[in-house]
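K.L.:
I am attaching a structure below and will ask some questions about it afterwards.
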Amino acid sequence: MRTRLFLYNISFLLIVIFHAQQKISFSIQEAVDYALSHNPQVMVTQSDARISQLKTQEYTGIGLPQISAGLSAQHFVKLPVSILPNFVAPAVYGGLVSAGVAPYDPQKLSPEGYAPIEAQFGQKNQASASFTASQLVFSSDYLIGLQASKSYEQLTKLTHEQQKMQTRYDVMKAYYEHQLNTRRLELLDAQLIRINKMFEDLNAIYKQGLAEKLDLDRLELARDQLQTEKNKLSALLQVSLCRLKFLMGYPLKDSIILADTLPDFQSPTANENPGAEKRYDYQILQRASHLNNLNKKRHAYGHLPSLVAFASGGYQAFNQEFNFWDKNVKWFPNFVIGGALQWNLFDGLQKLKRYQQSKLELEKINHQTFLVQQAAQLEQNSSRTIWANAFQTIPLKKRNYDLAKEMLEVAEKKYKNGVGSTLEILQSISTLKEARIQYLEALYECKMAELDYKKSTGTL
């Protein structure tokens, strides 16, 4: 039994360790998909869209029948007192005067000549059951407000889609940036391996007295500089990976593997002019303009009356004892129907001023829309130009990189044959590194220009 329990614990521990050390691999599309379902900002805008949808349904309920019911019971510990004019004493006194029993006094023939009567009416226990139903028949504020709530729902959906596109752009940019730094680190590693090998070979020759100390120092200095650059780039690589995890909504403490490298590139279309219609900021302004038009319409029709129909009824019972459930207790019904017309004839010109404000707001939105259209055209033209230039630069940078590799191979052959120097090799290595970095940066800039162009057109 103990052996079985020990094996079970060991197996469980191995499973925990395996899952803790397991790394999840993401392609660029998988990283984007993960971000769209885990990024907190995307989740916030998604909640806003859902809330606006529920608010539209809530506001729609105002125009549906409103029905309520209620029960109440009360016990008067002491019945309330009512003050009544004393109409009994004048009548009695008048009878006595008619019978000749009492002398005639006009003051005693009026209730004002006597103290009022303190009377208590009703039963100590009362109960009632009621219901009320009402229906909004007409209200310009409600009808226009219903359209506005649906338009606002669409506005929050557009905001959600805009945030998704921004998240998609940020994740792709961070993904490619990390991959660029990874390729640069691989280049530094290859150069360090090459220089370390040269240093070991030259050091062995130096110990035999066949090489100069200056050449050895040059290699050591170049190696230290590359190592320093590698350390900085390694730290930068960790930062860029954490930033990618943050944008994805991925746990920062968990490991992750990026499966894709910088992808293939496509040439931009030279004569394409998509405009601003697909951009979410433009669509949001269009929706805001529609909302403001509804607001202006609401103030313009605000002088119209509103009409509500209603009906209410119920039963009441009165008893000295609190036993309304007894079948002998009598319940008295009541029922009423009616309507209410409310018409605000003058509000101190408030609606007029609100109408004028909404007109100015609409003018402001029109100016903003024009600005977005101009900005979209500017961004599309500039990003397409940058994209085209970057695409044309890639073959040139690739050719420079190939030439730098050939130069290094020639320098190494010359050095092995005794007709070259370490300085020439180090210069060739530096040239190769610079050409390689420029080639990688050209690939990265081309991809970023493509992303910028697609974002400016709203097609990312």
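The values are calculated or read from the model by the stated rules, or taken from the named source; none is laboratory data. All values reported here derive from a predicted model rather than from experimental measurement. Every residue, glycine among them, receives a Cβ derived from its backbone with ideal geometry; neighbour counts consider all protein chains shown.
K.L.:
Here are Tyr444, Tyr415: which of them is assigned by TED's automatic domain parsing to the domain that holds Leu214, of a type in the set (Phe, Trp, Tyr), over 20 Å from Asp260 (Cα atoms) and part of a helix (DSSP H, G or I)?
P.N.:
Tyr415
K.L.:
Further, regarding this structure: Confirm whether Tyr152 is among the aromatic types (Phe, Trp, Tyr), more than 36 Å from the chain's Cα centre (by Cα) and surrounded by 13 or more Cβ atoms within 10 Å (Cβ to Cβ).
P.N.:
Answer is no for this residue.
K.L.:
To continue, here is another question. Every residue in the stretch 324-347 that is assigned to a loop (DSSP other than H, G, I, E, B), within 23 Å of Gln123 (Cβ to Cβ) and in contact (Cβ under 8 Å) with a residue 12 or more places away in the chain, please. First the steps, then the outcome.
P.N.:
Restricting attention to the stretch 324-347, the residues satisfying the condition of being assigned to a loop (DSSP other than H, G, I, E, B) are 324-330, 343-347.
Applying the additional criterion that residues be within 23 Å of Gln123 (Cβ to Cβ) yields 324-330.
Correct list: Phe324, Val329, Lys330.
K.L.:
Kindly provide the set of residues from the stretch 110-155 that are touching a strand residue (DSSP E or B) at 6+ places or on another chain (Cβ under 7 Å) and among the polar types (S, T, N, Q), ordered by number.
P.N.:
If the condition is that a residue be touching a strand residue (DSSP E or B) at 6+ places or on another chain (Cβ under 7 Å) and among the polar types (S, T, N, Q), then Gln120, Gln123, Asn125, Gln126, Ser128, Ser130, Thr132, Ser134, Gln135, Ser139 are the ones that fit.
K.L.:
For the stretch 351-369, which residues satisfy the criterion of being under 30 Å from the mean Cα position of the chain (by Cα) and not basic (Lys, Arg)?
P.N.:
Gln357, Ser358, Leu360, Glu361, Leu362, Glu363, Ile365, Asn366, His367, Gln368, Thr369
K.L.:
Quick check, is Ser68 in contact with a Pro (Cβ under 7 Å, 6 or more places away or on another chain) and farther than 30 Å from Leu155 by Cβ?
P.N.:
When the stated conditions are applied, Ser68 does not pass them.
K.L.:
Continuing with the same structure: Quick check on the stretch 419-431. Is at least one of its residues assigned by TED's automatic domain parsing to the domain that holds Asp215, assigned to a helix (DSSP H, G or I), surrounded by fewer than 19 Cβ atoms within 10 Å (Cβ to Cβ) and of a type in the set (Gly, Ala, Ser)?
P.N.:
Yes: one or more hits.
K.L.:
Show the residue pairs that are 6+ apart or on different chains and have beta-carbon atoms under 8 Å apart, the first residue being within the stretch 98-124 and under 30 Å from His75 (Cα atoms), the second being aromatic (Phe, Trp, Tyr) and in a strand (DSSP E or B).
P.N.:
Once the first residue is under 30 Å from His75 (Cα atoms) and sits in the stretch 98-124, its partners that are aromatic (Phe, Trp, Tyr) and in a strand (DSSP E or B) give Gly122/Phe318; Gln123/Phe318.
K.L.:
Follow-up question, since we're still on this one. Name every residue in the stretch 121-165 that is touching a Ser or Thr at 6+ places or on another chain (Cβ under 7 Å) and of a type in the set (S, T, N, Q), in order of residue number.
P.N.:
Residues satisfying the conditions are Ser128, Ser130, Thr132, Ser139, Ser149, Thr156, Thr159, Gln163.
K.L.:
Here's another thing I want to ask about it. If I ask for residues that are under 29 Å from Gln227 (Cα atoms) and buried (at least 16 other Cβ atoms within 10 Å of the Cβ), which ones from the stretch 382-418 would you list?
P.N.:
Across the stretch 382-418, the qualifying residues are Lys397, Asn400, Tyr401, Ala404, Met407, Leu408, Ala411, Glu412, Tyr415.
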